[in-house]
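Trainee: Sharing a structure, written as structure tokens. Questions coming.
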Amino acid sequence: MTASPVKVAIVGLGRWAKVLTRASAKSEKLKIVSGYSRSAEKREAFQAETGVLSAPTMEAILGDASIEGVILTVPNEQHLPMAALVAKAKKHVYTEKPIASSLVEGLQIAALEKKYGITVTVGHSARLMAGIRKIREAIDAGNWGAWLFLRRIFRIIGRWS
């Protein structure tokens, strides 16, 4: 007997939402059943392209008892307020990295788990990129020199704090 897939909604219907929706269509464990954007035009385009029904309001998603979680693909500065809304509705939260725009906001998002009894998950799709895999290989091989060199280069170009 196979368990029914977990039903989730996706909020923020830009390019990455489409990527995740196409990927999830191959899963037997997860089903994106609704999508929401403040823009009616984006909702209509998303529904036409993916076949996923669009919700007219965020409240429609939050009030739908069949939806267990929400994938947030909104801009980083919206992660905290959106995650708080979703968690308050007792739905699990998945957000893309970075979790928030600051450490303080990230900790506030993490605290939603305990406060509302839900799960917060952060996607790290960059781990699949070739460069990131090479860094992982260097670390696993004990080649700290290469790792520290790359870290220094990223700091110089302003991509690593």
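Since every read-out is calculated from the coordinates, none of them should be taken as a lab result. This is a predicted model, so every value here is computed, not measured. Positions of Cβ are generated from backbone atoms using ideal geometry, with glycine treated the same way; all protein chains shown enter the neighbour counts.
Trainee: Please get the size of the charge dipole for the stretch 1-63, origin at its Cα centre, with Cβ charges of +1 on Lys and Arg and -1 on Asp and Glu, quoted in debye to the nearest 20.
Mentor: About 220 debye.
Trainee: Can you tell me which aspartates and glutamates have their Cα less than 19 Å from the Cα of LYS97? Leave out same-chain residues fewer than eight positions away.
Mentor: GLU77, GLU105, GLU113
Trainee: Continuing with the same structure: Considering only DSSP states other than H, G, I, E and B, which trypsin sites (Lys or Arg not before Pro) in the stretch 1-82 qualify as loop sites with at most 13 other Cβ atoms within 10 Å?
Mentor: LYS26, LYS29, ARG38
Trainee: What size of dipole, in debye to the nearest 20, comes out for the stretch 11-132 about its Cα centre when the only charges are +1 on Lys and Arg C-beta atoms and -1 on Asp and Glu C-beta atoms?
Mentor: So the magnitude is around 240 debye.
Trainee: Would you mind checking LYS7/LYS90; LYS26/LYS114; LYS18/LYS88; LYS29/LYS88 for any pair whose Cα atoms are more than 22 angstrom apart?
Mentor: Where the Cα-Cα span goes over 22 Å, the pairs concerned are LYS26/LYS114; LYS18/LYS88; LYS29/LYS88.
Trainee: Which ³J(HN,Hα) values, rounded to whole Hz and listed in residue order, are derived for the stretch 84-90 from phi using the Karplus coefficients 6.51, -1.76 and 1.60 in 6.51 cos²θ - 1.76 cosθ + 1.60 with θ = phi - 60°, glycine and proline given as x?
Mentor: 5, 4, 5, 5, 4, 7, 6
Trainee: If you take the beta carbon distance between VAL19 and ALA141 as r and set R0 to 25 Å, what does 1/(1 + (r/R0)^6) give as a FRET efficiency, to the nearest 0.05?
Mentor: The formula returns an efficiency of 0.20 here.
Trainee: Can you list residues whose amide H is under 5 Å from LYS97's amide H, if they're 5+ apart or on another chain and H is modeled 1.01 Å from N?
Mentor: Answer set, sorted by chain and number: GLY123, SER125.
Trainee: Hey, another quick one. I need the peptides 112-123, 78-89 ranked by packing, meaning the mean over residues of other C-beta atoms within 10 angstrom, with the highest value on top.
Mentor: 78-89, 112-123
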